[in-house]
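The values are calculated or read from the model by the stated rules, or taken from the named source; none is laboratory data. Note that this is a predicted model, so its numbers are computed, not measured. Here the Cβ positions follow ideal geometry from the backbone for every residue, glycine too, while neighbour counts run over all protein chains shown.
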Amino acid sequence: MDIKWEYADGSTCAQQVKSSKNQIGKGDVVAWCKELKESHAADKYQLMLAGPIAAAVLDDSPFDDVEVPTPTSVDTLALLDQAITKVDRYLTAQSIAPIPLPLRESLVYELVARMLQASIHGKCMSRAEFDGWLLSGITAAYPHAVSQRLTANCEVLWSVLEIAAPVRASDRAFELILPLTVINGGASTAVVEMFLLRVWSTTREMRYRPDSIVPERAEKEYDTRLRLGRPFGDFAIPPQSSVEQVVMFAPIQQPGYEVGEWQLGDYQIELFVKYAAHSALRSVKKTTITIRENEFSVLTSNQTRFITVSNLDEYLKLL
């Protein structure tokens, strides 16, 4: 046995690797399979071949319940190319951004050396240990790729939009309150630096920035909630946890963006989040809301109104 795999369900697989530049005949394969099966080293067995083989090997396998997968080439450069491709796929599955080819090649060469050293001493390498070594190697050589992974397991939940009158009545544009939940399912602390709202219709374009963290509605009038609020700032989400924030957004007064009273009709709203470990904004959700006459009551009532931003209606249309 050259390699032994241990799976999460407790099952095991023993592999033996044989290679030759000359043709591998059926007789040798049968003998190797018998020897491997009689080792009683695992629940399942595979004979891994590299090089040219006789047609009868593929036609008549398995032998003694030992699987004989399709042989690979003995061309070491081709094998390294395959390994580089598979490492790339593995990194993608781990939500690590693509890394340069020279670094991938270096990782494969170092991985081969580590595996060889471990096999000499019969050392077991767990999946967690493998991932840890791989990430530490990439972090040292190419930290940008891993910095994107730090926020890959973060999600922002948003299902309700609350509209309110602006502090300065002359502006007339609604202020927007979003109850947001940030969930960090990763292994590292994530830091939220900011949110951004893009609001647009067929006739206007608006941008909203986070202004403060306010209490939930809880029957309080809007101006009371504002007084009890605090300025918006960076906040951290520890691994395997979540943080809830009720964020008040105010329109950005900047050339090209509207800050006046909204008009009746449909508006597209897109929420973005900026993580400290990520260089760019990340889109969280895009939705459509409809502003009707009733919404304008907030301009004079010191109360707010809720608008759902759930996509349930869109899904129901597909049924």
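Data for the structure
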| read-out | value |
| --- | --- |
| Test: residue in region 107-115 that is in the same structural domain as GLY132 (by TED's automatic domain parsing), out of contact with any helix residue (DSSP H, G or I) (no Cβ under 8 Å at 6 or more places or on another chain) and in a loop (DSSP other than H, G, I, E, B) | no |
| Residue satisfying all of: in region 245-276; of a type in the set (Gly, Ala, Ser) and closer than 23 Å to PRO231 by Cβ; surrounded by the fewest Cβ atoms within 10 Å (Cβ to Cβ) among these | ALA276 |
| Looking only at region 116-130, and only at residues there that are of a type outside the set (S, T, N, Q) and farther than 17 Å from LEU91 by Cα, the one that is nearest to the chain's Cα centre (by Cα) | MET125 |
| Filter result (more than 24 Å from SER242 (Cβ to Cβ) and either part of a strand (DSSP E or B) or basic (Lys, Arg) (or both)) within region 188-202 | ARG198, VAL199, TRP200 |
| Pairs, first under 17 Å from PHE306 (Cα atoms) in region 245-266, second of a type in the set (Asp, Glu) and in a loop (DSSP other than H, G, I, E, B), C-beta under 9 Å, six or more apart | VAL246/GLU216; ALA250/ASP171 |
| Close pairs (7 angstrom Cβ cut-off, 6 or more residues apart or separate chains): within 21 Å of LEU101 (Cβ to Cβ) in region 114-138, outside any helix (DSSP H, G or I) anywhere | ILE138/ILE96; ILE138/ILE99 |
| Filtered residues of region 16-28 (kept if under 44 Å from the mean Cα position of the chain (by Cα) and surrounded by 11 or more Cβ atoms within 10 Å (Cβ to Cβ)) | GLN16, VAL17, LYS18, SER19, SER20 |
| The one condition in (1) within 31 Å of the chain's Cα centre (by Cα); (2) over 22 Å from THR181 (Cβ atoms); (3) outside any loop (DSSP other than H, G, I, E, B) that SER279 fails to fulfil | (3) |
| Residues within region 295-309 that are surrounded by fewer than 15 Cβ atoms within 10 Å (Cβ to Cβ) and within 14 Å of GLU162 (Cβ to Cβ), tallied | 6 |
| Selection within region 203-225 - in contact (Cβ under 8 Å) with a residue 12 or more places away in the chain, surrounded by fewer than 18 Cβ atoms within 10 Å (Cβ to Cβ) and not in a strand (DSSP E or B) | THR203, ARG204, PRO215, GLU216, ARG217, GLU221, ASP223 |
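Here is a yes/no grid of residues against (1) surrounded by 13 or more Cβ atoms within 10 Å (Cβ to Cβ); (2) of a type in the set (Gly, Ala, Ser); (3) outside the structural domain of PHE130 (by TED's automatic domain parsing):
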residue: TYR7; (1), (2), (3): no, no, no
residue: ALA14; (1), (2), (3): yes, yes, no
residue: ALA41; (1), (2), (3): yes, yes, no
residue: GLN46; (1), (2), (3): yes, no, no
residue: VAL68; (1), (2), (3): yes, no, no
residue: VAL87; (1), (2), (3): yes, no, no
residue: THR92; (1), (2), (3): no, no, no
residue: PRO102; (1), (2), (3): no, no, no
